[in-house]
Amino acid sequence: MSQRERMLREVKYITSCEEFTPEDIVDHLLYRGALMPPCPIGTKIYILVTKRPKITYPEFTFIKESHLTYYNLERVLAEFGKTVFLDYEAAKEAKEKMK
């Protein structure tokens, strides 16, 4: 589901404005740079983290469990589906593909 479709679903749910349609409101919000997160704030997410302890050691990747917050929202939106996932199995599958 696209960001526009998610926003439209939420706007239709909360608005009862007769002057503007929900589509007009969503288009205006997107034009102004509004972002719709892929899940509600507070949802558990899984992040792939790659570290290299010292230059002589190889990199290793692990899965970190976290929660979506306003502070990490920008990173989650940028990396969603690449290094940030909603379920552990998807994160584990992406980790295996990185090898």
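The values are calculated or read from the model by the stated rules, or taken from the named source; none is laboratory data. In this text the structure is predicted, and so the values were computed from the model without any measurement. When we count neighbours, we look across all protein chains shown, and the Cβ atoms used for this are built from the backbone with ideal geometry, even at glycine.
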| said: Of everything in segment 71-99, what is more than 15 Å from the chain's Cα centre (by Cα) and outside any helix (DSSP H, G or I)? Give them in sequence order. | reply: K99
| From the list F20, F62, which one is part of a loop (DSSP other than H, G, I, E, B), of a type outside the set (V, I, T) and over 15 Å from the mean Cα position of the chain (by Cα)? | F20
| query | Of (1) under 11 Å from the mean Cα position of the chain (by Cα); (2) at negative phi; (3) surrounded by fewer than 11 Cβ atoms within 10 Å (Cβ to Cβ), Y57 satisfies all except one. Which? | reply | (1)
| field | Hits in segment 65-99 - residues which are under 20 Å from R6 (Cα atoms) and either assigned by TED's automatic domain parsing to the domain that holds M1 or of a type in the set (A, V, I, L, M) (or both) | value | L68, L73, V76, L77, A78, V84, L86
| said: Can you say whether V49 is more than 18 Å from L86 (Cβ to Cβ), surrounded by 11 or more Cβ atoms within 10 Å (Cβ to Cβ), out of contact with any Gly (no Cβ under 9 Å at 6 or more places or on another chain) and not hydroxyl-bearing (S, T, Y), as far as the supplied structure shows? | reply: no
| field | Selection count where residues are surrounded by 13 or more Cβ atoms within 10 Å (Cβ to Cβ), at pLDDT 85 or above and not aromatic (F, W, Y), scope segment 77-99 | value | 9
